[in-house]
Structures are given as structure tokens and as C-alpha cells.
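Have a look at the structure below before the remarks.
No lab work stands behind these numbers, since they all come straight from the coordinates. The shown structure was predicted, so the numbers you read here are calculated from the model rather than taken from an experiment. Cβ coordinates were reconstructed from backbone atoms using ideal geometry, including for glycine residues, and neighbour counts include every protein chain displayed.
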Amino acid sequence: MWWTFTRYENTSMLNAVDNFNVEEVNGVFYILIPSRFPPVPLYRRIAGGYDDEIAAVAELHNPRLQEKQRLLGQSGINVDETSPRFQNWNHAPFAYSNPEGCWFFGPLVRCLEMSQDKQTALAVSVAKRERFLGRTAERPIGLDMRMLSRQVRGSFIDAQGVSPDLAPEERRELGKELFDRAKAEQRSGVLFRSIERPSGVRICVLDGNVLERAVQGEHFRYTWDGERVSSLYAFNDSGADEENLIDPRHLGGVTNVLAA
């Protein structure tokens, strides 16, 4: 199996957060991020050939780098600069705020959400891309996305019994209690289920120290037709083109639609 857990409490799940079980998680979780092939310098459009100089100026005001320097400069604390916590993909979620927040928490809580399996990760990613592209009225376009995986080891509050249909306002109220309990008990985050694929398990990591290094995985092309992501293509050398095409409408179901 690719993840295991140990149940700490044997009480049934009630509405009160204090009665939620705690799970000891040891497994791999997935998320998708935008990708570009071939890679290009971040400031190419405005740098006029001075990419390194522009990047150096930008780094002076980079929250991720400032937070890294703060942690490395703490007196009396031995910090390993090569630790997985300082890998860009691992450090950034805890250095930058998400203006929209996440499933349970508002913008002030910095965290990393991932999924227990690849199909759930794709379902969540497609829904987020559709919301963003719909808001900006983006014309038809192809989007390249890259799967990242991370080993996670830590104790998590189990909120999987909370209905994915719970209203956003109620979720955020519940999130306040979850955050307070996680902080008080030094838990690593929360396990939950969300509307994009209710059968899939998701995880919200509040402590970046429980993450191993992020590993790049499959590359996907999302086809945005101006209204929705109408198809996905998995760049998989082992399958034929028709086997690598995925209908996004089927991602949210219980059935596994990803090629083996």
C-alpha cells in the first residue's frame, strides 16, 4: 500500500472537533502545478536580457527567501539548509498566503493541500483551473501541468466525516476549531474530503517539517475550450493516444479512470 495510518482514538465522530480521531499518516500524496516546456526565465518578458540582475532585485523582497533567512538565522537552533523543508515546492506554501484560503482555512493560514491519489488530485486541479479561467474569460488554450508527489509523515486530525457539501461559511467556522486544536496538540494538519471527489481523501499540511522532498511525476495537458476543461491528455509513453485521453467529467466519480 502507498499509505498507512494508525487510529489513536476509538470514539465515533461527533460534530465537536474535540471528538475527531487522530491519524498517524505515513504515505505519498499528490498535487498538480503549472508547468512550462521548455523552462523559461521568470522575468524574461520584462528583463530585456538582464534576467540575473532583475531576479536578484526581486529576491530582496521575496517572502519565501526572507522566511528562509529568518529560520536559518535563528540563534541556538541547528537548521539544515538542505532539508526538504527548504525545497522551493515545500517552502513556498508556508511563505506565501493564498488569497482565497483553502478548504477549511482562510487566507491567513499558510498550508499545503494534497490528495491521497492521483485521480483526486486531478479532479481538484481541474476544478481550480476552471474557476480561475472562467473568472478571467480566458480564450481557448492548452495548459501544461505537472504532478508532484511527497511522502508525508505526521499526526493529523481526521475530519473525513465532515460532509463535503457543508456550506463554505460553516467549513471556515469549523476550520477555526480545527486550527486551534492542531496548534494546541501540535498536530501536523487535517485529513478531509472535498466536493471535487468525495470518495477521495485529501490532506491539509500545517507543518512543513512532515514533508519529504517533492518529486516530479506525470505531465498533463489540459484543454480549456473557453467554458470548461474539456479534455486531459496524459503524456505517457506506455500507452496509445486514445488511452492517454481523459474525460475530466469522470474524474470525480468512484471509478478509477486513470490508465494503469
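At-a-glance table
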item	result
13 Å tail of the calculated P(r), segment 199-260, as % of Cα pairs	73 percent
Euclidean distance between Cα centres, segment 153-183 to segment 124-141, Å	27 Å
Extended-chain gain in nm, criterion 0.36 nm per residue less alpha-carbon gap, residue 135 and residue 245	37.0 nm
Bins of 10 Å, starting at 0 and running to the largest distance - Cα pair percent for segment 110-260	10, 35, 34, 18, 3, 0
Karplus 3J(HN,Hα) series, Hz, for segment 217-229 with 6.51 cos²θ - 1.76 cosθ + 1.60 (x for Gly, Pro)	x, 5, 10, 10, 10, 8, 9, 8, 9, x, 10, 7, 7
Neighbourhood charge, 10 Å Cβ-Cβ cut-off, centred on residue 140 and excluding it, Lys, Arg +1 and Asp, Glu -1	-2
Table column - 3J(HN,Hα) (Hz), segment 244-255, Karplus curve with 6.51, -1.76, 1.60, x for Gly and Pro	8, 7, 10, 8, x, 5, 9, 5, x, x, 6, 5
Residue 87 versus residue 227: modelled label distance in nm, points set 7 Å from Cα along the beta carbon direction	4.0 nm
Where labels lie 7 Å past Cα in the beta-carbon direction, separation of residue 166 and residue 213 in nm	3.7 nm
Mean Cα-pair separation over length for segment 148-218, i.e. relative contact order, pairs under 8 Å, 6 or more apart, %	47 percent
Note, ³J(HN,Hα) from phi for segment 208-215, Karplus 6.51, -1.76, 1.60, rounded to Hz, x at Gly and Pro	x, 5, 8, 9, 7, 4, 6, 10
FRET E, pair residue 258, residue 181, Förster distance 25 Å, beta-carbon r, rounded to 0.05	0.10
Relative contact order for segment 135-260, counting Cα pairs under 8 Å that sit 6 or more residues apart, in percent	30 percent
